[in-house]
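What follows is a short report on a single structure.
The values are calculated or read from the model by the stated rules, or taken from the named source; none is laboratory data. Bear in mind that the values here come from a model prediction, so they are computed numbers and not experimental data. Methodologically, a virtual Cβ is constructed for each residue, glycine included, from the backbone with ideal geometry; neighbour enumeration extends over all protein chains shown. Surface accessibility is based on the protein's heavy atoms, side chains included, excluding ligands, DNA and RNA. Shrake-Rupley method; radii C 1.70, N 1.55, O 1.52, S 1.80 Å.
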Amino acid sequence: MLPQTGQPRWSGDGRLVSFGGYIVAGGVHLPTADIAWAPTGERAAYVTKSGGVSVWSPPRTQQVVPDGWGATGVAWSGDGALALGRAICKGACGLPSHTEVWTWRNGTLRKLVDTPDRGRPSPLAWHEGRVLWWDWPNSGSIAADGVALYENNRLIATTLMYGDYVDACGGHLAVAAGGDRYAMHGKRILFDGRDSSRDRTRSWVSPSCTPKGRLVAAASANAVPNRIGREHRAIWQLRPVRRQLTHPPAGWTDENPHLLADGSVVFVRTRQVPFNKSGEWWTTTHAKLELLRGTVLTELKELRFSSPDSGAGFLNYYGHYDWPARIAVAP
């Protein structure tokens, strides 16, 4: 049994896996809730519980900024630089006095952006040497209806704050844009700033792209349903040729597509069944991890688990299935 739960992540070389701050091989337990692996090798950056940032690798741990610095998040570039969000507080931190985005490269810190308001900047990726960051508005309720996504100091979209709603792939950038907390309503896929979904009868989410410009996403009908759990998404290829790739059976929905280097797609076919247990509502989630190679669909793994709807383990939040926090595809 693992000593810590959390989002699974693979190291850049695909040899190590972590859950939260726990690295399975060697039993390394870092003082953080989550880590960010560099895109190559075995280096992990993390925000400490006191707002510092360190980088771990098997030989040593290196401090980037000390505890108390006010770090809010980190993200690696392809060439080994690190982006750091910062929120500076005086006394108890209800609203930061000012907020910033910094970069750390070869041991040197440099301020990149004084952010436009006093939300907490959360770096998530790099694109063409520029930092992508969310402007988290100090409120989970406000953030649920969309946050500003920036590239350095340029606003590029409003999007929900989910890891599978933004994908930087080589020189390309794919974003599921649109506010409104319902994932089944009003979302479109921006690819390099242009609408590649081009169909407002559907709501488009979870883009995945490759450096050569291939693009897939998941799509449901564009409507707010009368009950969450009826998304019935299918996986579509939007580039280079537009076509529907999957046709889930009634009651199922296809979620969280990942394009692999050979052009095949991994996704999760999901079905949720609510039931009453001793006067409390629970949900059983049935899931099939699927591999689509050409027109051949292969089931890789079947999953099933149940949890109370009032608990912290819910999977579906206003139509977004949190598979990215539960499944990691190795590089």
Once the principal axes of the Cα atoms of the stretch 68-125 are found, what is the range along each, listed largest first in whole angstroms?
36, 19, 15
Over the stretch 235-331, with every protein chain in place, what whole percent of the accessible area is carbon and sulfur at 1.4 Å, could you tell me?
54
Would you mind counting up the charge near ALA36? Only other residues with Cβ under 12 Å from its Cβ, with Lys and Arg at +1 and Asp and Glu at -1.
+1
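Want the number for LYS301 to LYS111: 0.36 nm per residue separation, take away the alpha-carbon distance, what's left?
On the way: separation 190, 0.36 × 190 = 68.40 nm, distance 4.50 nm.
That works out to 63.9 nm of additional length.
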Given unit charges at Cβ for Lys, Arg (+) and Asp, Glu (-), the dipole magnitude of the chain about its Cα centre in debye, nearest 20, is 360
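Probe of 1.4 angstrom, ligands and nucleic acids ignored: what's the accessible area per residue over the chain, in square angstrom?
Working: 15670 Å² over 331 residues.
Ligands and nucleic acids excluded, the figure is 47 Å² per residue.
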Using a basic spin-label model with each label point 7 Å from the Cα along Cα→Cβ, how many nm lie between ASP195 and LEU260?
3.4
Carbon and sulfur: what percent of the stretch 8-131's accessible surface (1.4 Å probe)?
48
Would you tally the net charge around ALA250, using a Cβ to Cβ cut-off of less than 11 Å, leaving ALA250 out, and scoring K and R as +1, D and E as -1?
+2
Using a 1.4 angstrom probe with every protein chain in place, what is the largest-first accessible-area order of MET161, MET184?
MET161, MET184
Most fluctuating of VAL17, VAL296, VAL28 in the GNM of the chain (C-alpha, under 10 Å) is VAL296
Which aspartates and glutamates have a Cα less than 19 Å from the Cα of LYS301, not counting those fewer than 8 places away in the same chain?
ASP254, GLU255, GLU290, ASP322
Over the alpha-carbon set of the stretch 73-228, work out the extent along each principal axis and list the three values in angstrom, largest first.
46, 39, 21
Which value, in debye to the nearest 20, describes the size of the charge dipole of the stretch 1-61 about its Cα centre when Lys and Arg Cβ atoms bear +1, Asp and Glu Cβ atoms bear -1, and nothing else is charged?
80
Sorted largest first, extent of the chain alpha carbons per principal axis (Å):
53, 47, 39
Along the Cα→Cβ direction, 7 angstrom out, place labels at HIS247 and VAL17. What is the inter-label distance in nm?
3.4
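Would you tally the net charge around LEU315, using a Cβ to Cβ cut-off of less than 9 Å, leaving LEU315 out, and scoring K and R as +1, D and E as -1? Mind showing how you got there, number by number?
Numbers: positive: ARG326; negative: ASP322.
Net charge around LEU315: 0.
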